[in-house]
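The values are calculated or read from the model by the stated rules, or taken from the named source; none is laboratory data. Remember, predicted model here, so these are calculated numbers, not experimental data. Every residue, glycine among them, receives a Cβ derived from its backbone with ideal geometry; neighbour counts consider all protein chains shown. Please note that ligands, DNA and RNA were not included when accessible areas were found on the heavy atoms of the full protein model with its side chains. Shrake-Rupley method; radii C 1.70, N 1.55, O 1.52, S 1.80 Å.
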Amino acid sequence: MTTEYKLFPGCLMTNRLPFLEASAKVVFDELGVGYSSAEFACCPNPVGLKFVDNKTWCALAARNLAVAENENKNIMSLCNGCAQSLIIADHEMKHDPILKDEVNEILKKVGKEYKGTTNVIHFVKVLYEEVGLEKIKASVKHPLTGLKVALHPGCHYARPSHILKVEEDVMNLKYLRKLVESTGATVVDYPEENLCCGNVVRNTDPYTANTMLKSKFDGAKRAGADCLVVNCPSCFQQFDTEQAKLKSIAEEGEVYKFPTFYITELIALAMGKDPATLGIKFHRNKGKEALAKVNL
Amino acid sequence: MPKIDFNVKRDVLDLMIGGEKISYCYQCGICNDVCPVSQRWGSRYNPRDTVLFSALGYKETLFLAIKRDPFILWGCTACETCDEKCPSEIPITEIICYLKNAAVAAGLTPEFYPESARTIRDNGMAIPVQPAINKRREKLGIGLPPNIPVDEVKAIMEATGINKVLGKKEEKEEGTA
């Protein structure tokens, strides 16, 4: 594969969850996905700065796009939110020439210009469409046969579908499912698959976020899952870190220590990479039982 | 008769790329039905009403309600399920985002949002570089993150005028320094 992407891990992965970035790089290296870094700033957060001031959000996104444009490269995002921010900002400026002019006027102050020539792509799409399942299956040395996985593709991976155009059926996503299956693991269906992780409403009302998180875990457990698999660091943080907060609303005897894996961690484990060097130990919920099921 | 704010009406209508879709809202309520927050709170969080009040330009009525209970607006978890299910393809989350911008400007925001904007302005990232994490990065074999262009971020945010909205806390900080 000759394409080299500008890698966009985002703030959360870079500065809080580096083990997820490490697992992604292990998988990209093994599969020959080319990537390099760039001087990107915050995407910025589509559910943070965009809520404060849309124009500022758009201008900062345009700066990131301009950085990749200067190198004639497309951007590959490791985060649903970053991908969504950059794609929507690009879309807004392409459909609103006044906004584009305003943004470029602002970017002049830092010697940059947004032209609209860079594409932004989520890494799940790269793995499914460009690398392909056959190549991934061929790289599997330690199949995760018997591991039951509940999927969480996450809201901003595919919505709003008319702009992101990630997959055909936005409420019935298949790429993550197929990637998980290519590791030898089994996907279990549960009604809460498309339910939000609760990340955004947590900033306003943690109780509401916790009830959503609880529904998610309860649904996955009922379906017999051993773990959740995600493709977004923000969702990962909700599931792995915030899970401890369910204690206050748990039914008597119910314990919330459910493991979550990022999809490239799962693929790397199936490739035979050592859980210790991948950094699974940095998870709050290390999933020892789940990993023991597949002799890890 | 509620006061009509024609600016809100116009801005919300302008949000509809490719047509004034919001006028197709026939108040079917699917947005409420599929909303995970509305499912938990019932009438307290009601995107259908928010769309209707915005389309009519009833800013004053809506913002008085938001002042009483910010959750009316900030309860939105931005999952965009309503956008996918709306039979009239109204970008409800975009309308709510527009209203959030207006609410921040009016000071009706959970502190998290302006605070997170200030973090981005001052560090270039929503989550700043941390020495302990950098050590962990090196152990994991992925090295230090690339340089963060903080000066460019600051210059852009200065130019967009957002500092007028974020300024309050800074003044306070100067006062206590």
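How large is the accessible surface of A:E251 in square angstrom, using a 1.4 angstrom probe and rounding to the nearest 10?
Estimated to the nearest 10 Å², A:E251 gives 100 Å².
Work out the length of the dipole vector of segment A:4-122 about its Cα centre, built from +1 on the beta-carbon of each Lys and Arg and -1 on the beta-carbon of each Asp and Glu, and round it to the nearest 20 debye. Provide the component values of the computation, followed by the final result.
Numbers: 13 positive and 15 negative charges, 40 e Å.
Roughly 200 debye, rounded to the nearest 20.
Give the Kirkwood hydrodynamic radius (Å, one decimal) of the protein assembly as shown, defined as one over the mean of 1/r across all pairs of different Cα atoms. Intermediate results must be reported in sequence, preceding the final value.
Working: mean 1/r = 0.0436 Å⁻¹.
Taking the inverse mean of 1/r over all distinct Cα pairs, the protein assembly as shown comes out at 22.9 Å.
Can you tell me which of A:T204, A:T241, A:T186 moves the most in a GNM of chain A? Springs connect C-alpha atoms under 10 Å apart.
The residue that fluctuates most here is A:T204.
List the residues of segment B:121-163 whose backbone N lies under 17 Å from a point placed 7 Å from the Cα of A:K108 along the Cα-to-Cβ direction.
Within reach of a label on A:K108, which here means backbone N under 17 Å from a point 7 Å along Cα→Cβ, segment B:121-163 contributes B:155-161.
With a 10 Å cut-off between alpha carbons and a GNM built on chain A, which of A:H122, A:H142, A:H95 moves the most?
Comparing A:H122, A:H142, A:H95 in the GNM, the peak value goes to A:H95.
Which FRET efficiency value, to the nearest 0.05, do you get for A:N70 and A:D29 by plugging their Cβ-Cβ distance into 1/(1 + (r/R0)^6) with R0 = 25 Å? Please list the in-between numbers first.
Working: r = 25 Å, r/R0 = 1.01.
Computed FRET efficiency for A:N70 and A:D29: 0.50.
What does the average come to when, for each residue of peptide B:138-150, you count the partner chain Cβ atoms lying within 10 Å of its Cβ? Could you put the intermediate results ahead of the total?
Values: counts 1, 5, 12, 5, 12, 2, 1, 10, 8, 3, 7, 7, 1.
Neighbouring Cβ atoms belonging to other protein chains average 6 per residue here.
Given the protein chains as shown and a 1.4 Å probe, how many square angstrom of A:K245 are accessible, to the nearest 10?
100
Run the lone-cysteine check on chain B: no other Cys C-beta under 4.7 Å from the residue's C-beta.
Taking the Cβ cut-off of 4.7 Å, the unpaired cysteines of chain B are B:C25, B:C28, B:C35, B:C76, B:C86, B:C97.
Along segment A:264-271, what does the Karplus equation 6.51 cos²θ - 1.76 cosθ + 1.60 (θ = phi - 60°) give for ³J(HN,Hα), rounded to whole Hz, x for Gly and Pro?
Values per residue, Gly and Pro as x: 6, 5, 4, 5, 4, 4, 5, 6 Hz.
Going by amide H atoms built from the backbone, whose H comes under 5 Å of the H on A:Y262, apart from near neighbours?
Answer set, sorted by chain and number: A:V230.
Looking only at A:G154, A:G253, A:G34, which one moves most when chain A is put into a Gaussian network model with springs between Cα atoms under 10 Å?
Its mean-square fluctuation being the largest, the pick is A:G253.
Counting only protein chains, not ligands or nucleic acids, how are A:K115, B:K59 ordered by accessible area (probe 1.4 Å), most first? Let's see the in-between values first.
Working: A:K115 110, B:K59 65 Å².
My answer, sorted largest first, is A:K115, B:K59.
Return one whole number: the accessible area per residue of segment A:141-293 in Å², for a 1.4 Å probe.
On the way: 5880 Å² over 153 residues.
Here the per-residue accessible area is 38 Å².
At a probe of 1.4 Å, how much accessible area disappears from chains B and A on forming the pair, both sides counted, to the nearest 100 Å²? All intermediate terms of the calculation are to be shown ahead of the outcome.
Values: alone 11550 and 13190 Å², together 19710 Å².
Roughly 5000 Å² of accessible surface disappears when B and A pair.
Towards the positive end of the charge dipole of chain B, with charges on Cβ (+1 Lys, Arg; -1 Asp, Glu), say which of B:M125, B:P110, B:P146 has the farthest Cα.
Final value for the positive-end residue is B:P110.
Can you work out ³J(HN,Hα) from phi for every residue in segment A:204-210, in order, using Karplus 6.51 cos²θ - 1.76 cosθ + 1.60 and θ = phi - 60°, giving whole Hz and x for Gly and Pro?
9, 8, x, 4, 4, 4, 5
With θ taken as phi - 60° and the coefficients 6.51, -1.76 and 1.60, list the Karplus ³J(HN,Hα) couplings across segment B:84-101 in order, rounded to whole Hz; mark glycine and proline as x.
Whole-Hz 3J(HN,Hα) from phi for segment B:84-101: 6, 9, 4, x, 9, 6, 7, x, 4, 5, 5, 5, 5, 5, 4, 5, 5, 4.
Divide the volume of the convex hull of the Cα atoms of segment A:4-122 by its number of residues and quote the answer in cubic angstrom per residue. Intermediate values should be presented prior to the final figure.
Details: hull volume 11.0 nm³, N = 119.
Hull volume over Cα atoms, normalised by residue count, gives 93 Å³.
When the helix-only estimate is applied to chain B (DSSP H runs of n ≥ 4, each -39,500 (n - 2.57), divided by the residue count), what is the mean residue ellipticity at 222 nm, nearest 500 deg cm²/dmol? Each step should come with its number before you reach the end.
On the way: 12 runs with 109 residues, N = 177.
After summing the helix terms and dividing by residue count, I get -17500 deg cm²/dmol.
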